[in-house]
Each structure stands twice: as C-alpha cells, then as structure tokens.
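Every number in this text was worked out from the coordinates using simple rules, so none of it is lab data. Because the structure is predicted, anything quoted here is derived from the model rather than measured. Every residue, glycine as well, gets a Cβ built from its backbone with ideal geometry; the counts of neighbours run over all protein chains shown.
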Amino acid sequence: MKDLALLSELPADIRPATTHDRRVVLHSPLLQNLPSEIQNLLLRIGATRSLRRGEHLFGEGQELAAFYYVLAGRLKEYYPAGADDQCLRRVVLPGQYISLHLMLTEAPVHTYSTQAIGAARCFTWHFDEFRDIMRREPLVALQVSRVLAEHVEQFCRHACLCRKSRALAKVAGYLLSKYRHLSLNPEDMVKGQKVQTDLRPFDLAAAEICTARETFSRALSCLQERRLIRVENGVVDILDVEGLKKISITG
C-alpha cells in the first residue's frame, strides 16, 4: 500500500488499522470537524500498533519516528533515573496523544521512555508523512495547535493538584480530571459504555499527584465511605461529581 510505505521504517508489530480503530480515530480531537477528505487522508496514512504488558513504545534516546493516539490500555511515560529507578512523567489513557508535541520541534530523539502498563493499542502516524500534510493543509496544522493548547491547560490543572496540601482534596481533584477526560473518550462513545476510571496500579496513580500509595488508598476509602465513588478491584465509578468538586476545593 502506497500510503503505508513509510511505516516500513517502524517496528514490525504495526498493522493496517481495523475498521473499528478507524472509527475511533475519526472521533478523536485531531480529526474532529475536519473536512471528510482530510479525515480520510489522515486515516489512510496511519496504522495500529499493539503492545504487550511491559513492552516499550519507545525508549529515551531513540530516534523520533512517529507519534501516537492511545486506542486502548494505558501507558506510562517516565525518565530513567539510574539502573533500577525512574521518574514518572505521566500515565497516558485512551483518547490521549503521545509525542504529538514533537511535531512542532526539531528534536532528533525522544527525551523520555514510554511503556505499556498492560496490553495496549495505539494508532500511529509517521512524523515525516504527517508533517508533509500539515504543510499542505493549514487546517491540520491548526488542529494540532488546538490539541496541544488543550494539553497545556490540562497540565496546568494537574500541577495545581500536586500543590494542594490536603490529600483528600488532591485525590478528589485527580478523580475529576480523569473523569472529565474519560467521559469524552471516543472509544466509550463508539461502544456506548459507561465511563469508569481504572487506577491500577495505585502506585502510579499516587505518584502522578506526588502522594504516598497508602495516603492515596486512604483517601479513596474515605470518598467511598461518603458515597461519592465506588471502588472495585482498582476501578472507580464516580457517583457524585458535585460532591467531589466540593471536596477538591475545600478538602
């Protein structure tokens, strides 16, 4: 296939996207509201990459080749810090992009590593081919800027959570941020499923907001006792959004 020629440079576990994956990506922020001919072009030049638990999408220092849209599963971005240590950058959920910001830089290599927490699936676009379309289609460049601007806003909100002094307020705000994102997850919209927030493992969720795992677990238990959430096997159902908002503000 001509449109997939450049993908031969990427790992062998990349395959042409299924009809389902294309439908999910069609509802993604990068493709929303674009003319149908541009949407179809962007779908044609992409493919799907599947990862096993613990498998790396890329490693620090690896040459840039592609950026990704998470279709299923979760991944962690981290900075290696010695032989057996790492500094968590963020946990990436379905509906979020990986390395999209590098489209607007001249960086030759990745500065962090990305690893699948469990089985995961990502839609993949080759940098060079996507950049070529951006040069020809100003609407695509504008869409990339919009998505990145939203990411900056979410990052600022996340930084505010880390600075809250009360653990309960911090965890309530964290759950709301996950809920806001997952309620817009294209795969959930396609499947018509109810939104759930998977926090497994709690160590990573706690690290995202600079909280000890034990403190994080106690805060979840407290929120469950107040009937604001329901927790089962690490998966959280949010029962009272307004109640969480009050907690996140007042603690």
(request) Run the quick spin-label model on residue 226 and residue 240: label points 7 Å from Cα toward the beta carbon, then report their separation in nm to one decimal. (result) 0.8
(message) Please list, by residue number, every one of the trypsin sites (Lys or Arg not before Pro) in segment 15-50 that is coil in DSSP and has at most 15 other beta-carbon atoms within 10 Å.
(response) none
(message) What is the sum of charges, Lys and Arg at +1 and Asp and Glu at -1, for the other residues whose Cβ falls under 12 Å from the Cβ of residue 77?
(response) +2
(request) Give the order of 222, 122, 210 when sorted by the count of other beta carbons within 10 angstrom, beginning with the fewest. (result) 210, 222, 122
(request) Any chance you could run the full-extension gain for residue 81 through residue 109? It's 0.36 nm times the residue separation minus the Cα-Cα distance, nm to one decimal. (result) 8.3 nm
(request) Quote the FRET efficiency, to the nearest 0.05, computed for residue 72 versus residue 233 with a Förster distance R0 of 25 Å and r equal to the Cβ-Cβ distance. (result) 0.85
(message) Can you give the FRET efficiency to the nearest 0.05 for residue 119 and residue 212, using r as the Cβ-Cβ distance and R₀ = 22 Å?
(response) 0.20
(message) Run through segment 36-95 and list the chymotrypsin sites (Phe, Trp or Tyr not before Pro) located in a DSSP loop whose Cβ has at most 16 other Cβ atoms within 10 Å.
(response) none
(request) Could you work out how far apart the two model spin labels at residue 142 and residue 63 are, taking each label as a point 7 Å from the Cα in the direction of the beta carbon, and quote it in nm? (result) 3.5
(message) Please enumerate, by chain and number, the aspartates and glutamates with C-alpha under 18 Å from the C-alpha of residue 178, excluding those fewer than 8 residues away in the same chain.
(response) 77, 150, 153, 187, 188, 198, 203, 208, 232, 237, 240, 242
(request) Starting from the Cα of residue 55, step 7 Å along the direction of its Cβ; do the same at residue 250; then give the gap between the two resulting points in nm. (result) 4.9
(request) List the residues of segment 78-111 whose backbone N lies under 19 Å from a point placed 7 Å from the Cα of residue 131 along the Cα-to-Cβ direction. (result) 98-111
